[in-house]
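Participant: My questions all concern the structure below.
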Amino acid sequence: MASALEQQSGIIQRLSELATQSANGVLSDTQRRSLNSEYQQLLLESGRIAEGASFNDTLLLQAGRSNGINNLSIQVGTSGGSDSSLSINTTNTLRFSGNLNIAGDIGAQGGIPGSDGSIDNNDQIIYLDYIFDDALTEEELVRLGSAATVSVVGSDGITRDFAVVIHAISSTTNGRVDVFAKNADGTYDYRSGADVDFDPLTGQLVGASTKSINLFGTSGTAVLDFSGLRAFAAQSVNGKPSVTSAPNSAIDFTAVGTSARALEALEFLSNRRLELGQHVGRIGAMQSRFESALSLARTLSENTLAAASRIMDSDIAAESARLIRNQILQQTATSVLANAGQQPQLALILLQ
């Protein structure tokens, strides 16, 4: 688990380098697109590392997910009590994990224009009717909320790219997820969406959507797991207060295609690096505790084996008596032989 987190930390370092390069004002749009291509691939690799981190078929970096576990219990003693085991909490560094603070949206009606540039750069817009024109650019999607890209394999075997946008407000809940399909020319068409509620304290999805959000593409339905994401609205909406103290660290919602997005990504990446450092530190602390428990277990094992050896050894008193008996018999036999050798000599003396 620590090794996988270290690999992800290395990816975060490279992502930060790419974001720093993209934020440089001397680069062209074409150069930034090239940087963003590598950036997005590394995001996918970071998610793949977390997806594959396992031991004995136990997933270690998917806490809270449908196939993950929240903690591992390690037996370190010989009794069956709670004091004979240690527990280590796992973590979640899979895709769509971390904190995401969503800016307050401006309520409006109607559809969003496609590419006529009528949206101000600083506007955060939510459309209560959810009517979107086609051929939206990536910049227009970002103005809607926090956008992340995903790839979905359809029932026809074709992989299609989508953009997932999370808003802070809907007409009835304190969250909204909209899905857009990516066209060949790089623009996006609206596909589907769903109202969601984010818990104001934990930021996690509540209700029926605690595990997944449905993506409706041209080839059917896919499931996107948001259970690792903690989203916080920037203000109280629809009577639902929100907490925004958690730092942004959901790196899947970042990109470096523009200088502005690259600067935003640097903040997300810095926070994510701190999170990974905390995870590694916690695991290191538990590893030190495991080493102490292992040392104690070894001592107990040695003492147990010594006790067993003493129990299984021969009866010392009986063996000692047997040794003395054999020594006496040997000495007696030697004395008889010595006497037998002396008698012929006595007979010769008398004949003289």
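Participant: So what does Arg33 come to for accessible area, using a 1.4 Å probe and Å² rounded to 10?
Facilitator: 140 Å²
Participant: Which value, in nm² and rounded to one decimal, describes the direction-averaged projected area of the C-alpha convex hull of region 1-94?
Facilitator: In nm², the orientation-averaged hull projection of region 1-94 is 7.7.
Participant: Taking 7 Å along the Cα-to-C-beta vector as the label spot, tell me the Thr30-Arg325 distance in nanometres, rounded to one decimal.
Facilitator: 10.4 nm
Participant: Ranked highest first by average number of other Cβ atoms within 10 Å, how do 92-98, 285-291, 264-270 line up?
Facilitator: 92-98, 264-270, 285-291
The values are calculated or read from the model by the stated rules, or taken from the named source; none is laboratory data. Fair warning: this is a prediction, and the values are worked out from it, not measured in the lab. Methodologically, a virtual Cβ is constructed for each residue, glycine included, from the backbone with ideal geometry; neighbour enumeration extends over all protein chains shown. Keep in mind that these areas ignore ligands, DNA and RNA; they rest on the heavy atoms of the full protein, side chains included. Shrake-Rupley method; radii C 1.70, N 1.55, O 1.52, S 1.80 Å.
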